[in-house]
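Visitor: Have a look at this one before I ask anything.
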Amino acid sequence: MSSPSDDVSQTAPLASHCVENTQEEISKTKTTRTKTSVMSVNYAAGLSPYADKGVCGLPETFDSAEEANVKVETLAQLIKESQFLCPHSGAGISTSAGVPCMRGPKGVWTLEEKGESPRFDITFEDAQPSLTHMALVGLQRAGYLKYLISQNVDGLHVRSGFPRDLLSELHGNMFVEECEKCGRQYVREKVIGVMGLKPTGRYCDVMRSRGLRACRGKLISTILDWEDALPDGDLDKAENAGRRADLALTLGTSLQIKPSGNLPLLTKRKGGKIVIVNLQPTKHDKHAHIRINGYVDEVMKQVMELLGLDIPKWEGPTVCESSTGASEAAQDVKPPRALPAKGRVKKTLVKDERKREAAQLTDNGSVKEEMLSVKRERGDSPVVKNEEK
């Protein structure tokens, strides 16, 4: 489904500051649920049947302590030298928060393939941002991180206080619903409970000109199902940021699903570097300047120490609509004024080409590495949907 406006990744106008636990910016829903009803396993069960969910259960490997230290020191130096750091986050950054991944050794889909039924004790509402979530907030506040691209639907980036105007949530957010008429987004305290861009039963209350009447457009979930196209606004910003970045840092994702997993390649094509931090092999390991096999929290903790930065303390759900100096940051993710003929962006998006496609296996059972084109980089399919959550 196409976005109703070019600004769907943002909510109604707000001042450029963060708001903690206010009724105005975090609206409460009346729905209550049991703990198991809102976890990843039930989120996965709520999706339409889909045969090819990617390669699940690949073995995890760890670098030696000495090797890891050298790699992390190199990563910290790259961040220091970077002009535009663009992280790409996947399910692996939320596992320490209690949110299960999908394709790891104990992931929801991995256990499903084995005929097992996973159960978990924490709700999305109770999950707290991990060290990595908060380190990303710290990097943004310090001026290193210019834009963040996430495949996760757990809402932890938003609840951590990361500025929404510098964030693309390509697969949606369990806490966000959107007006299909005017594009206004509402961040809720409770999960929406509806998936597949379906109506939530509520209506938009944005007042029209002169305050004569409310918009009253139907609110829909932002969570994508398998056959849904990625949101145009978030995707366009993600692509633009990928092209502007000189350092793409992928955290906790195997980069299996096209097109979101291919977005870091945009940075490399423009002369930048890719650094991959993940325990399992990824589709683009051969394109990485550094490949770190380790826990993302441990890597990011060491990176922040090397940079001399504190990791902000999480003090409860915080929604930050725009960053300080948001107007300047926005300029960083705009496409160039003029592109050569070969690089021009196609205006027409073909939805069928924006749907999810999983990575393939090689003969030895590992993830097949491919030099894949990314949406609109040249006569190629646009970016598709859903991936590692």
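Rundown of residues vs (1) over 17 Å from the mean Cα position of the chain (by Cα); (2) modelled with pLDDT under 95; (3) not basic (K, R), yes/no style:
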{"residue": "R216", "(1), (2), (3)": "yes, yes, no"}
{"residue": "A245", "(1), (2), (3)": "no, no, yes"}
{"residue": "S260", "(1), (2), (3)": "no, yes, yes"}
{"residue": "L266", "(1), (2), (3)": "no, no, yes"}
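Visitor: What residue, among those in region 299-323 that are open to solvent by 30 Å² or more (accessible area, probe 1.4 Å) and over 21 Å from the mean Cα position of the chain (by Cα), is modelled with the lowest pLDDT?
Guide: E315
Visitor: For region 155-177, enumerate the residues that are open to solvent by 10 Å² or more (accessible area, probe 1.4 Å) and either in contact with a Ser or Thr (Cβ under 6 Å, 6 or more places away or on another chain) or at positive phi (or both).
Guide: D165, E169
Visitor: Where the second residue is among the β-branched types (V, I, T) and not in a loop (DSSP other than H, G, I, E, B) and the first is within 24 Å of Q185 (Cα to Cα) and lies in region 300-321, which pairs have Cβ atoms under 7 Å and are six or more apart or on separate chains?
Guide: Here the result reads V319/V19; V319/V158; V319/V187, each pair linking region 300-321 to a residue that is among the β-branched types (V, I, T) and not in a loop (DSSP other than H, G, I, E, B).
Visitor: With the condition being modelled with pLDDT of 80 or more and open to solvent by 30 Å² or more (accessible area, probe 1.4 Å), I'd like the helices (runs of 4 or more DSSP H) fully within region 36-116 carrying at least 3 qualifying residues. Don't jump to the end; show me each part of the working.
Guide: Working: elements: 40-45, 65-81, 108-113.
Helices (runs of 4 or more DSSP H) meeting the threshold: 65-81.
Visitor: Quick one: how many residues across region 144-177 are part of a loop (DSSP other than H, G, I, E, B) and within 24 Å of K258 (Cα to Cα)?
Guide: 12
Visitor: Tally up the residues in region 246-276 that are among the basic types (K, R) and closer than 16 Å to R291 by Cβ, please.
Guide: Just the residues of region 246-276 that are among the basic types (K, R), to begin with: 258, 268-270, 273.
In the following step, the residues that additionally are closer than 16 Å to R291 by Cβ were identified as 268, 273.
Residues flagged as among the basic types (K, R) and closer than 16 Å to R291 by Cβ within region 246-276 amount to 2.
Visitor: Residues of region 247-298 being among the hydrophobic types (A, V, I, L, M, F, W, C), open to solvent by less than 10 Å² (accessible area, probe 1.4 Å), assigned to a helix (DSSP H, G or I) and in contact with a Ser or Thr (Cβ under 9 Å, 6 or more places away or on another chain), which ones?
Guide: First, the residues of region 247-298 that are among the hydrophobic types (A, V, I, L, M, F, W, C): 247-249, 251, 255, 257, 263, 265-266, 274-277, 279, 288, 290, 292, 296.
Subset that is open to solvent by less than 10 Å² (accessible area, probe 1.4 Å): 247-249, 251, 255, 257, 263, 265-266, 274-277, 292.
Those still in the list that are assigned to a helix (DSSP H, G or I) too: 265-266.
Within region 247-298, just L265 meets the criteria.
Visitor: List, please: which pairs have Cβ atoms under 8 Å, are six or more places apart or on different chains, and start with a residue in region 174-197 that is within 19 Å of G161 (Cα to Cα) and end with one that is open to solvent by 40 Å² or more (accessible area, probe 1.4 Å) and among the polar types (S, T, N, Q)?
Guide: Q185/Q10; K190/T31; K190/T32
The values are calculated or read from the model by the stated rules, or taken from the named source; none is laboratory data. All of these numbers come straight from a predicted model, not from anything done at the bench. Heads up, the Cβs are rebuilt from the backbone with ideal geometry, glycines too, and the neighbour counts pull from every protein chain shown. Calculation scope for accessible area: heavy atoms of the full protein, side chains included, ligands and nucleic acids excluded. Shrake-Rupley method; radii C 1.70, N 1.55, O 1.52, S 1.80 Å.
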